[in-house]
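Every read-out reported here was derived from the displayed coordinates using simple, explicitly stated rules and does not represent laboratory data. This is a predicted model, so every value here is computed, not measured. Positions of Cβ are generated from backbone atoms using ideal geometry, with glycine treated the same way; all protein chains shown enter the neighbour counts.
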């Protein structure tokens with residue numbers, strides 16, 4: 001397991017890749033590039049190697065290093081921002097809000113969440129405060145308080161083109177629910193993987209799922225791939 005591998009010096013690692021799409025491409029791409037159920041084809045936008053993360057030690061204290069950890073999508077590197085992905089935008093707000101409820105407004109002062117560089121802020125007090133500050137909370141002041149760095153606070157200008165609203169996505173030429181799933185089944189999975197997929201899906205559908213839900217599930221799988229859907233239905237009808 002993960003703990004044992006790290007303990008034995010067999011450090012696991014993951015390589016991070018990104019894909020980059022110019023804004024001009026996003027406006028007219030054949031499907032909505034911000035639909036989280038879709039994958040950008042690697043042929044159109046190749047993977048770019050960013051770096052590798054390696055876990056080289058286990059926790060020394062589960063509560064302080066794990067239970068109090070607070071990750072959030074809106075911890076952004078300068079120059080980056082959130083895309084119009086509706087799920088991402090919701091999480092950009094909700095994660096930090098959940099941390100405030102779970103750990104208190106000063107959750108970023110907890111050692112596991114502290115930035116690597118010193119923070120100069122006028123925020124103070126509140127539940128769970130660990131940093132004492134008696135300086136004024138207004139700016140400018142004559143006590144040497146932090147000042148905004150104009151070179152790092154330029155106004156960010158961008159255009160949302162109507163995507164950031166509480167409505168459904170505007171459908172594009174190749175927006176559909178089945179196409180990419182069909183490509184996955186036919187071109188990415190091999191025969192052994194397809195057989196495992198049939199067995200896994202049939203196993204779940206055989207576990208108390210009744211009509212008309214069964215018929216609808218078979219229909220959906222046949223929309224992805226007729227042969228795969230037929231195999232899933234046969235496995236369920238024949239008792240797994």
Self-check item: Residue-span extension gain [residue 114 to residue 27] - 0.36 nm each, minus C-alpha spacing
Solution: 27.5 nm
Exercise. Identify which of the listed values of Rg and Dmax of the Cα atoms in Å was calculated from the structure shown: [x] 20.6, 65; [y] 18.2, 58; [z] 24.8, 81.
Key: [z]
Quiz item: For residue 174 and residue 38 in one chain, what is 0.36 nm times their gap in residues minus the Cα-Cα distance, to one decimal in nm?
Solution: 47.9 nm
Self-check item: Rough spin-label spacing in nm, given labels placed 7 Å along Cα→Cβ, for residue 16 and residue 131
Solution: 2.3
Practice problem: Can you pull the one-decimal nm distance between simple spin-label points at residue 183 and residue 195, each 7 Å off the Cα toward Cβ? | Solution: 2.8
Quiz item: So which residue, out of 87, 20, 53, gets the largest mean-square fluctuation from a GNM of the chain using Cα contacts under 10 Å as springs?
Solution: 53
Quiz item: FRET efficiency for residue 95 and residue 215, Cβ-Cβ distance as r, R0 = 51 Å, nearest 0.05?
Solution: 0.85
Quiz item: At residue 2 and residue 66, where each label point lies 7 Å from the Cα along Cα→Cβ, what is the point-to-point distance in nanometres?
Solution: 0.8
Quiz item: Based on the mean of other beta carbon atoms within 10 Å per residue, what is the order of 136-143, 196-203, 108-115, most packed first?
Solution: 196-203, 108-115, 136-143
Exercise. Can you tell me the 0 to 90 degree angle between the C-alpha axis of helix 213-224 and the longest principal axis of the chain, rounded to 10?
Key: 90
Quiz prompt | In degrees, nearest ten, helix 86-103 long axis to first principal axis of the chain (Cα) | solution = 50
Quiz item: FRET efficiency for residue 49 and residue 152, Cβ-Cβ distance as r, R0 = 30 Å, nearest 0.05?
Solution: 0.60
Practice problem: Using only Cα atoms, find the angle between the long axis of helix 191-205 and the longest principal axis of the chain, and express it within 0 to 90 degrees, rounded to the nearest 10. | Solution: 80
